[in-house]
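The values are calculated or read from the model by the stated rules, or taken from the named source; none is laboratory data. The model shown is predicted, which means the values in this text are computed figures rather than measured ones. Note: ideal-geometry Cβ built from the backbone for every residue, glycine included; neighbour counts use all protein chains shown. Surface areas here come from the heavy atoms of the whole protein model, side chains and all, with no ligands, DNA or RNA. Shrake-Rupley method; radii C 1.70, N 1.55, O 1.52, S 1.80 Å.
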Amino acid sequence: MSESLVVGADGRSRCAWAVSTPDYEAYHDDEWGRPVHGERALYERITLEAFQSGLSWLTILRRREGFRAAFVGFDADRVADYDEDDVARLLTDTSIIRNRAKIQAAVTNARAVVRLREDGGLDRLLWSFAPPPRPHRPTALSDVPAVSAESTALAKALRRQGFVFVGPTTAYAAMQACGLVDDHIEGCHVARNGAGTASPGAS
């Protein structure tokens with residue numbers, strides 16, 4: 001067995017990064033790499049990936065419900081109306097990451113999401129950068145890139161639409177989170193079974 005795969009207590013092989021905590025395991029099995037559609041779900045993933053920058057993804061997962069409450073279920077219309085008082089309020093909210101630049105980015109990006117509806121919406125834009133399926137899955141964690149030509153192009157397109165905190169690396173992480181790419185290691189039980197269904201909350 002590759003060191004990039006670990007067999008869990010349930011006898012299933014998983015990508016090695018997914019086995020250190022139940023939070024990671026659930027996210028790996030039920031969401032990561034599975035296609036996500038719908039404005040709210042996509043805006044949530046982009047927001048969470050921006051907040052994750054410089055932090056552990058586990059930190060974000062364990063505050064996910066706090067983020068959902070803080071950004072009213074990632075309703076872009078409502079977040080787009082946030083003002084400086086709302087930013088100040090969120091800076092005291094211990095259920096999220098209290099980073100002014102990232103909070104302001106979430107508001108800025110909500111406004112971009114709303115404007116983007118005139119050009120077909122976030123779903124259409126994001127998925128237009130989905131690469132063709134790879135002929136082979138990665139066989140080791142070292143084979144999984146941190147950035148790609150598509151994520152670089154996606155980041156540029158998002159910035160042109162007014163999004164911030166969306167560099168090529170963050171864009172690639174969002175592509176993984178939203179299932180535009182499926183980077184489960186060859187032999188992972190999720191890869192073996194396929195990842196063709198939308199993740200919970202994707203509508």
Next on the checklist: Tell me the per residue accessible area of the chain using a 1.4 Å probe; a whole number in Å² is fine.
Outcome noted: 47 Å²
Checklist outcome for this item: FRET efficiency for ALA153 and ALA101 from the Cβ-Cβ distance with R0 = 22 Å, rounded to 0.05, comes out at 0.35
Checklist outcome for this item: Taking a ≥ b ≥ c as the square roots of the eigenvalues of the Cα gyration tensor, with a/c under 1.5 meaning rounded and otherwise prolate when a/b exceeds b/c and oblate if not, segment 63-152 is oblate
Checklist entry - Does segment 1-150 classify as rounded, prolate or oblate by the C-alpha gyration tensor (a ≥ b ≥ c root eigenvalues; a/c under 1.5 gives rounded; else a/b over b/c gives prolate, otherwise oblate)? => result oblate
Checklist entry - Taking all protein chains as present, what is the carbon and sulfur share of the accessible area of the chain, in % to the nearest whole number, probe 1.4 Å? => result 51 percent
Next on the checklist: I need to check one value: relative contact order of the chain, counting alpha carbon pairs closer than 8 Å and at least 6 residues apart, in percent.
Outcome noted: 35 percent
Checklist entry - Given H placed on each backbone N at 1.01 Å, which residues far from ARG34 in sequence or on other chains put an amide H within less than 5 Å of it? => result GLY179
